[in-house]
Every structure is written in structure tokens, then in C-alpha cells.
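Notes follow the structure.
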There are 2 protein chains.
Amino acid sequence: METFKYSDLSKGDITHLVQRNVDPANEIRALVENVIEQVKQHGDSALLNYAEQFDKVELTKLYLNKAELEELASAVSEDQQEALQTAYANIYKFHKAQLKQEDKVETMPGVTCWRELRAIEKVGLYIPGGTAVLPSTFLMLGIPARIAGCNEIVVCSPPQKNGKVNAFIAYVALMLGIDKVYLVGGSQAVAAMAYGTESITKVDKIFGPGNQFVTKAKTIIQSTTTTAIDMPAGPSEVLVIADNTAKPAYVAADLLAQAEHGVDSQSILVCTSETIVQQTLAEVEKQLAVLPRAEIAKQAIDNSYVIITQNLDEAMDFSNQYAPEHLILATTNWQQLTAKIINAGSVFLGNLTPESAGDYASGTNHTLPTSSYARAYSGVSVDSFVKKITFQYLTEEGIQNIGPSVEILAEMEGLHAHRNAVTVRMNNK
Amino acid sequence: METFKYSDLSKGDITHLVQRNVDPANEIRALVENVIEQVKQHGDSALLNYAEQFDKVELTKLYLNKAELEELASAVSEDQQEALQTAYANIYKFHKAQLKQEDKVETMPGVTCWRELRAIEKVGLYIPGGTAVLPSTFLMLGIPARIAGCNEIVVCSPPQKNGKVNAFIAYVALMLGIDKVYLVGGSQAVAAMAYGTESITKVDKIFGPGNQFVTKAKTIIQSTTTTAIDMPAGPSEVLVIADNTAKPAYVAADLLAQAEHGVDSQSILVCTSETIVQQTLAEVEKQLAVLPRAEIAKQAIDNSYVIITQNLDEAMDFSNQYAPEHLILATTNWQQLTAKIINAGSVFLGNLTPESAGDYASGTNHTLPTSSYARAYSGVSVDSFVKKITFQYLTEEGIQNIGPSVEILAEMEGLHAHRNAVTVRMNNK
């Protein structure tokens with residue numbers, strides 16, 4: 001990991017360091033557009049063809065039903081079931097608290113306004129398969145969808161070579177009360193959920209991470225259809241702010257946990273202590289040696305860097321410019337720092353709170369804005385699965401109170417019919 | 001307006017009727033991409049050139065300062081000032097109530113999670129000028145930005161032929177405490193706020209309606225940069241549900257208020273009473289005759305339609321499929337209908353609540369999802385100007401409680417470094 005002194009960096013250096021490539025896959029655009037067009041035109045038969053072509057499996061039908069999911073799920077051990085249930089319970093508890101009805105506001109006498117939540121009716125969840133099977137992602141998307149009360153939850157996951165999904169995915173589906181999983185992956189899954197096919201319902205919003213083809217399909221869908229997406233996605237990343245109260249072994253473990261995701265993951269250490277940096281880098285080497293995914297993690301670590309700052313304020317300053325997906329405050333004095341956080345997806349406080357806890361089971365969502373999107377986007381929550389509809393009600397007193405102002409404002413904008421809609425009501429008591 | 005009986009319509013007919021064209025401007029993509037590229041490369045000088053080319057004005061500088069805004073604002077009459085202040089007060093009151101801190105949740109002993117709001121640091125507001133000058137839009141975007149606490153609010157509005165902005169825009173800027181308005185319009189304004197120029201700050205999120213060039217620029221920016229946008233935008237629309245308690249003169253006025261926006265506006269009437277339909281259509285003719293924007297409104301009305309249903313449930317059913325930006329319930333029995341609303345942007349309840357009230361001054365936001373985007377998107381609110389960052393804190397008890405589950409889950413996903421980040425903390429008490 002290359003090491004920089006914060007005080008040595010120019011504004012341009014920092015801009016360069018915090019830059020991530022947000023549109024790396026433009027060369028695959030034509031390919032993905034073609035897949036979308038094929039699915040739009042040929043529906044299920046295109047999906048069956050792509051399963052053969054991309055997933056190397058000849059499917060006889062496009063989904064697993066409840067009985068098939070139950071059979072697969074029976075392979076999940078008791079320990080694993082308990083772990084999934086703990087994660088479920090914590091995620092459920094934290095997300096359930098997000099569902100709040102709001103009070104009515106009387107903005108002036110006789111004029112009452114409020115917002116009501118409504119679940120998005122039809123949502124699509126994309127659960128990656130292939131090399132990384134992520135039952136945790138399924139929990140992170142399925143639980144808030146259930147809490148919101150979405151009417152229809154369509155789940156797509158790429159088929160394994162045996163034409164099935166992993167046992168954990170099957171188990172989570174049943175936990176969520178979902179009794180059908182579509183064996184569709186990649187950009188074809190996104191296209192199927194956006195346009196609908198003979199067997200797959202067209203949805204209103206698509207959620208879930210994926211490879212560059214999935215991501216590109218989501219951004220194309222977002223700009224060409226009315227189907228929304230959760231957020232743009234890039235490689236995962238962590239930024240650890242550490243001072244001399246940090247534990248090098250813990251910090252190293254956190255950096256490596258991020259690094260094992262993929263060679264394009266970023267693990268940034270921002271530290272006020274050169275000693276802690278040296279000890280941490282030594283720990284990274286030590287822990288890396290015994291990791292099964294060492295080759296991936298090593299490449300990611302080599303592409304990452306360390307910033308040494310004079311104090312925690314400077315560290316926070318850099319972090320806000322980086323806008324990390326995950327921010328770990330590896331310091332006993334985290335309480336004085338939280339108010340200074342401006343841009344981050346999810347924050348892990350103190351030396352005993354690893355990112356892994358939030359990745360799986362603390363209760364927070366792990367679907368988070370990467371690539372500095374945390375400047376403007378929040379992570380997935382129950383909010384992502386609902387709309388907030390505004391309502392207003394005017395009494396006779398209300399229309400008389402507000403009417404004159406509306407008449408003048410409509411006139412100012414040259415919109416006479418807008419004015420008239422108020423005038424007819426004021427005059428026809 | 002063409003009239004259909006709901007019971008005569010097939011599922012395909014309904015799909016056709018509720019369809020809006022969401023990507024009408026694809027042929028302008030290359031043009032807009034070129035403008036974006038020019039602004040990206042040449043900054044301010046590109047903006048000055050476009051002002052000459054598109055706005056037909058030779059600017060000596062790109063913005064109006066506080067003194068210039070004050071001079072322009074002095075032309076606003078006392079009545080107009082009062083009307084703007086009433087609107088400001090109501091919008092402020094309703095939006096202020098949206099800003100709520102949330103409680104902490106202890107998901108299991110020693111594991112505490114919560115969300116904190118943070119304002120998006122830098123936001124860009126696009127305020128249309130030219131034929132439609134919309135000070136109300138400026139209020140609808142500026143007030144929630146101020147309530148959220150955005151650090152920097154960049155405002156772009158196209159220059160008039162005299163190189164200035166309209167007096168109302170200037171007045172609203174000063175109301176909002178904004179002392180600089182950039183004289184930049186169209187897709188070049190979106191590009192300037194997304195990439196930054198010598199004088200214009202690069203922002204994290206861009207808000208505001210605009211013509212097809214502005215809209216196209218926003219969707220391109222959204223998919224190629226980390227700058228977010230408020231929502232996709234299409235022509236404005238209203239759907240009025242009326243029964244035999246509706247007042248034809250009011251309904252007609254509401255349909256026309258929408259129709260005067262533009263020839264592509266839609267004004268849909270869904271009604272349980274043929275008599276009310278006939279009376280409303282007669283009223284439309286009558287009111288249309290005296291409207292200054294009659295030519296525009298007539299074309300929009302001709303492109304709109306009426307659906308006759310057997311009851312209000314059918315009417316609501318159609319409305320939810322249409323997913324209107326504005327929904328007016330022109331019935332005295334609106335209380336029994338609100339729970340059945342699934343898809344809508346903003347709802348106007350009863351015979352005395354015109355859409356104009358919400359367009360200007362009731363307090364709700366008028367920046368709303370059009371084109372059936374209301375299926376998945378909410379209108380602009382304070383939420384649109386903040387991120388919700390998740391936090392988690394584990395005590396020694398917490399890591400021991402949650403640790404075993406995280407270890408098993410990480411193992412299930414084959415992520416050993418994730419497991420290790422927990423293990424080192426559990427073992428090193």
C-alpha cells in the first residue's frame with residue numbers, strides 16, 4: 001500500500017486519490033443493449049437461450065417452485081439456520097423501526113397537508129450467484145421489501161450448472177415467504193424484470209448488486225423505461241480512520257475483509273500514527289498469508305493506499321472527500337467524530353465494530369452507495385421500497401385563506417387557468 | 001376528449017391508455033452529449049458561447065450578484081411579495097416537519113444501530129426561464145434545500161434577452177438567502193453543475209424541471225457521473241376522479257389548469273356519472289373560450305380522455321394503473337378512497353382542493369413524478385436533499401453475542417477475511 005502524508009498532498013492530488021471510475025463498462029453497452037432487446041422481443045425463450053449460452057445449463061423451466069426450494073433448503077445445517085435467523089431478526093428489527101407514519105400539518109387555517117407511505121407494488125430483487133453466492137444480500141433486500149408491504153416480489157438469481165440455486169438462497173427465499181425463484185442471471189434478468197416476459201412480471205423497481213453487465217443493464221433500464229433502480233453500483237470499499245488507540249490486528253482484518261471481495265475493491269487507511277500504520281501493514285502481510293482468497297485480496301491491497309494525517313480532523317476531512325461506502329472509526333474517541341461525518345454509506349464505531357457485523361447481522365443494510373455516490377445517495381432501507389405520497393385538504397375557510405395568494409402567484413406565472421381553478425371555488429360557496 | 005366506458009376496455013386497451021412516452025427525446029441525445037462535452041472541456045467560455053447561440057444574449061459575466069438581484073426584485077409589487085411570503089411560509093412549515101431525527105435501535109444486547117441525517121453538501125437548482133418563468137419552482141426546491149442545511153446551493157436560470165432574470169426569480173433568490181444566480185440555461189446548465197466550471201461549483205445532486213434538452217442532460221449525467229438527479233421528468237398531468245357530488249365547473253377548471261401547461265399535458269377525467277361528464281365537458285368549452293393560453297390548452301384537452309366507470313372502486317383501479325402525477329378526488333366521500341390510492345404523486349381531496357393550491361402554496365411540493373414514475377418515485381421533499389447514514393456500535397457483549405453468527409454467515413459465503421475480522425475481536429478481549 002502506497003503511503004502519503006496528508007499535508008504533502010495538493011488539492012489536485014486529493015481529487016485524484018478520491019476518484020473512482022464510475023462508468024468503466026461503457027464498451028459493453030452495445031452488448032447489454034442487445035441482450036435487453038432480445039429479452040424484450042422474445043421473452044422466456046431468450047432467457048432460456050441465455051441460460052444455455054452464459055450459464056452453461058439447459059433449463060426445462062425458468063424457475064424453482066416451493067417444493068424444489070424446500071428440497072434444496074434441507075441441506076442447510078442447524079448452525080447455519082440459526083445464524084441466518086439471527087441475521088434476519090436483527091435486520092428485521094432495525095428496518096421495522098424505519099416504517100413511520102407522519103403527522104398532519106395544518107399549514108394555515110383550513111389547509112391541511114400530510115404524507116402517507118405506500119409500498120411500491122412490484123419489486124424485483126437480483127441475487128448474484130456464480131462465484132459469489134450471497135444469501136446475506138437476499139436478506140438485505142427481501143426483509144425491507146416485506147416490511148414495506150410490497151405486493152409482488154420477483155427474485156432472479158443465475159442458475160448453477162445443475163440448474164438450481166444454492167441451498168442458502170433457497171432457505172432465505174422460504175424465510176421471506178417467497179416460493180418462487182427465477183433461474184435468470186445477468187443483464188437478461190434485469191431486462192426481464194423491466195419489460196416482463198411470459199413468466200416474469202414487469203416490476204416497478206429493481207434492486208440488487210451484480211457484475212458490470214447487471215450494473216450496465218440497470219443504468220440503461222433506468223434511463224429508458226419507467227422502472228426505477230435502487231442505486232448505481234461500483235466495486236466495494238472501506239475507509240478506516242485510526243489513531244493510536246486502534247488495534248493493528250483489527251484494522252488489518254477489516255482492510256483484508258474488504259480486499260477479498262475483488263481485485264478492484266479499495267481498502268483505505270487514514271491514520272494519525274505512523275507506528276500504528278507500520279504495525280497494521282505488518283499484520284496485513286501476516287493475515288493475508290493464510291487467506292483462501294489471498295490472491296484477490298493481495299491485488300486489492302496493492303491498489304489501495306494509506307494517508308497519514310496530523311490529527312483526526314484532517315482524517316475526517318479526507319474521508320468526507322472520499323465519501324466511503326463503509327467508514328470504520330477505529331478509535332476509542334469516536335463519539336467526538338460522528339457529528340463531523342458528512343459523506344459515508346454506513347459507519348462502524350470503535351474498535352469492536354467490524355464491517356463484517358454490518359455486512360451480515362448487526363441490523364443495518366449492506367446495500368450501500370459506492371464510488372463516492374455517498375455524497376448524494378443513501379443505502380437501501382425501507383424508504384427504498386415505498387413512495388411518500390403527499391395529500392392536501394382545503395376546507396371552505398382554507399380556500400378563502402389561501403385563494404388570494406394562489407390567484408396572484410398564478411397570475412405572476414401567466415397561468416390563468418391555474419388562477420381560475422381557485423377563483424371558481426372562492427366564488428361558488 | 002374521447003370517452004371510454006371502463007367495462008368495455010380490455011387489459012390491452014388500458015395498458016395503451018395509461019402508456020406515456022418516457023424516452024421521447026432520444027434523437028437529441030447526440031446534440032446534448034456534444035453540449036456536455038463542450039462545457040466539460042471549455043467551461044465558462046462554452047457557457048458564454050451558448051448564451052449567445054441559444055439565449056441570443058451577449059453576457060459580460062455569467063451571474064447576477066446580490067446588488068443586481070436586489071435591483072431586479074424591487075419591481076415586485078407588495079401584493080406579489082405577500083403572496084410569495086404566504087407560499088414560502090406554508091411550504092416551509094410542511095417541509096420543516098419532514099426533518100426528523102430517528103431513535104437508536106438495540107437489535108441485540110450490545111449491538112446498537114441508528115440512522116442520522118446529513119444534508120447533501122452541494123446541490124444545483126435549475127429554474128426554467130424563457131417562456132415559462134417559475135418562481136414557484138424556485139421556492140419548491142430552495143426551501144427544502146435550506147431546511148436540509150445544504151452547504152452550497154448553486155442556481156442556474158436561462159438569461160432573458162436583457163441578460164437578466166425575471167424580477168420574481170430575483171426576489172425568491174433573496175428570500176432564500178441566495179445572493180448569486182447563474183445566467184445559464186438548458187443542457188449546458190446541467191453540464192456546468194455536474195462537471196463544474198471556473199465559476200460554477202460542481203454539485204452532488206441536480207434538481208429542477210426543464211425542457212427536453214434539460215431532461216436528457218440530466219439522465220445522461222445520472223448514468224455517467226456521480227452527480228445524482230431529483231427524478232426523471234415528463235409532461236405534467238392530472239387525473240380527476242369525480243362522482244355525482246363533483247362540481248362540473250371546478251372539475252373543468254382543474255382539467256384546463258393542467259392543459260394550459262403544454263400541448264403534451266394530459267388531463268384525464270374518470271367519472272361515475274355520465275351527467276357530470278357532459279356538464280364538465282360543456283364547462284371546459286365555456287372556460288376554454290376566455291383563456292389566454294386557449295390554443296395550448298385546447299390541444300392538450302383534445303389529446304386527453306374521459307373514462308366512465310360504474311363506481312369509485314373502478315375509478316381508483318384505473319387511477320392506480322395510470323399512476324398520475326396529480327390526483328384530484330372530486331367527491332365528498334374522499335375519506336373512503338384514500339386508503340385505496342397506491343400510485344400517485346400528490347393528492348387533492350374533495351371539491352374545494354384544486355391542484356393550483358398545491359402548485360403554489362398549500363405547502364406540499366409540486367416537483368412530482370410524471371409519466372407513471374409515481375409507481376416507484378416520490379415527489380421532492382426534504383428527504384431529497386439529505387442522506388440517511390447508518391451507524392452501528394458494538395460493545396464487548398455485543399461482539400460476543402453477534403460474533404458466532406457472523407462467523408458462520410461469512411463461512412457460508414466463502415469470505416474468510418470477513419470471518420476473521422470478527423474472530424480477532426472475539427478472541428482479543
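The values are calculated or read from the model by the stated rules, or taken from the named source; none is laboratory data. Computed from a prediction, not measured in an experiment: that's the story for all the values here. Every residue, glycine among them, receives a Cβ derived from its backbone with ideal geometry; neighbour counts consider all protein chains shown. Side chains are part of the model used for accessible areas, which takes the heavy atoms of the whole protein and leaves out ligands, DNA and RNA. Shrake-Rupley method; radii C 1.70, N 1.55, O 1.52, S 1.80 Å.
Here each label is just a point 7 Å from Cα along the line to Cβ, and for B:Asn303 and B:Asp264 those points are 0.7 nm apart.
The simple Förster model, with R0 at 51 Å and r as the Cβ-Cβ distance, assigns B:Gln400 and A:His42 a FRET efficiency of 0.40. Among beta bridges from DSSP that stay inside the protein assembly as shown, the antiparallel ones total about 25%.
Per residue of A:108-118, other chain Cβ atoms within 10 Å of the residue Cβ number 6 on average.
Using the heavy atoms of the protein chains alone and a 1.4 angstrom probe, what is the accessible area of chain B per residue in square angstrom? Spell out each step's value before the answer.
Details: 15480 Å² over 429 residues.
Each residue of chain B exposes 36 Å² on average to a 1.4 Å probe.
Counting only Cα atoms, segment B:237-316 measures 35, 21, 14 Å along its principal axes, largest extent leading.
The modelled label-to-label distance between A:Glu52 and B:Ser199, using points 7 Å beyond Cα along the C-beta direction, is 6.2 nm. Under the convention of a label 7 Å out along Cα→Cβ, give the distances in nm from B:Asp8 to the same position in every other copy, shortest first. From this label point to the equivalent ones elsewhere in the assembly: 8.0 nm. Charge dipole of the protein assembly as shown (Cα centre as origin; +1 on each Lys and Arg Cβ, -1 on each Asp and Glu Cβ, all else neutral): 320 debye, rounded to the nearest 20. Taking the Cα centre of segment B:1-129 as reference, the dipole from Cβ charges on Lys and Arg (+1) and Asp and Glu (-1) amounts to some 600 debye. Computed 3J(HN,Hα) for segment A:202-207, one whole-Hz value per residue from the Karplus formula 6.51 cos²θ - 1.76 cosθ + 1.60 where θ = phi - 60°, is 5, 10, 8, 8, 10, 10, glycine and proline marked x.
Largest GNM mean-square fluctuation across A:Gly196, A:Gly186, A:Gly142, computed for chain A with C-alpha springs under 10 Å, falls on A:Gly196. Shown in residue order for segment B:223-236 are the 3J(HN,Hα) couplings computed by the Karplus curve 6.51 cos²θ - 1.76 cosθ + 1.60 at θ = phi - 60°: 9, 10, 9, 8, 6, 8, 10, 5, 5, x, 9, x, x, 6 Hz (x for Gly and Pro).
Here the contact order of segment B:268-337, divided by its residue count and restricted to Cα pairs under 8 Å and six or more residues apart, works out to 46 percent.
What's the ranking of B:394-404, B:350-360 by average number of surrounding C-beta atoms within 10 Å, highest first?
Details: B:394-404: 19.5, B:350-360: 27.4.
The packing order, highest mean first, is B:350-360, B:394-404.
Here the contact order of chain A, divided by its residue count and restricted to Cα pairs under 8 Å and six or more residues apart, works out to 21 percent. Based on DSSP H segments of at least four residues, each scored -39500 (n - 2.57), chain A has a per-residue ellipticity at 222 nm of -14000 deg cm²/dmol.
The length gained on full extension between B:Glu411 and B:Thr15, counted as 0.36 nm times the residue separation minus their Cα-Cα distance, comes to 137.8 nm. Rounded to the nearest 20 debye, the dipole magnitude of segment A:271-429 is 500 debye, with +1 charges on Lys and Arg beta carbons, -1 on Asp and Glu beta carbons, and the Cα centre as origin.
For A:Met316, the shell of other residues with beta-carbons less than 12 Å away shows a net charge of -3, using +1 for Lys and Arg and -1 for Asp and Glu. For all pairs of alpha-carbon atoms in the protein assembly as shown, what percent lies in each bin of width 10 Å, listed from the first bin to the last filled one? The distribution over the protein assembly as shown is 2, 13, 22, 24, 20, 12, 5, 1, 0, given as percents. Given their separation in residues at 0.36 nm each and the Cα-Cα distance between them, A:Ser7 and A:Asn65 gain 14.9 nm when the chain is fully extended.
Taken over segment A:30-171, the convex hull of the Cα atoms encloses 165 Å³ per residue. Note on B:Lys11: aspartates and glutamates with a C-alpha under 14 Å away, same-chain residues under 8 apart excluded, are B:Glu314, B:Asp317.
Can you pull the mean other chain C-beta count within 10 Å for peptide A:254-265?
So the per-residue partner count for this stretch is 3.
Here's the picture: charge each Lys and Arg Cβ at +1 and each Asp and Glu Cβ at -1 in the protein assembly as shown, and of A:Thr280, B:Leu239, B:Leu329 the one pushed furthest to the positive end of that dipole is B:Leu329.
Annotation: extensible slack from B:Asp179 through B:Asp313 equals 43.2 nm (criterion: 0.36 nm per residue apart, minus Cα-Cα distance). Phi-derived couplings, Karplus 6.51 cos²θ - 1.76 cosθ + 1.60 at θ = phi - 60°, listed residue by residue for segment B:252-269: 4, 4, 5, 4, 6, 4, 6, 5, 6, 4, x, 5, 9, 5, 10, 10, 9, 10 Hz, with x used for Gly and Pro. Accessible area per residue (1.4 Å probe, heavy atoms of protein chains only) ranks A:Ser265, B:Ser45, B:Ser74 as B:Ser74, B:Ser45, A:Ser265, with the largest value leading.
Once you average over the residues of B:135-144, how many Cβ atoms of partner chains fall within 10 Å of each Cβ?
If you average over the peptide's residues, the count of other-chain Cβ atoms is 1.
Given in Å, the Rg to one decimal and the Dmax to the nearest whole number for the Cα atoms of segment A:1-60 are 21.6, 62. Of all residues in chain B, the one whose Cβ lies closest to the rotation axis carrying B onto A, together with that distance in whole Å, is B:Ser223, 3. Using the Cα coordinates of chain B, the gyration tensor eigenvalues translate into equivalent-ellipsoid semi-axes of 40, 33, 21 Å, sorted from longest to shortest.
Order B:Lys122, A:Lys216 by their accessible area, 1.4 angstrom probe, all chains in place, largest first.
B:Lys122, A:Lys216
Label positions at B:Asp103 and A:Lys96, each projected 7 Å from the Cα along the C-beta direction, are separated by 1.2 nm. A Stokes-Einstein calculation at 20 °C with viscosity 1.002 mPa s, built on the Kirkwood radius of segment A:330-416 over Cα pairs, returns a diffusion coefficient of 121 µm²/s.
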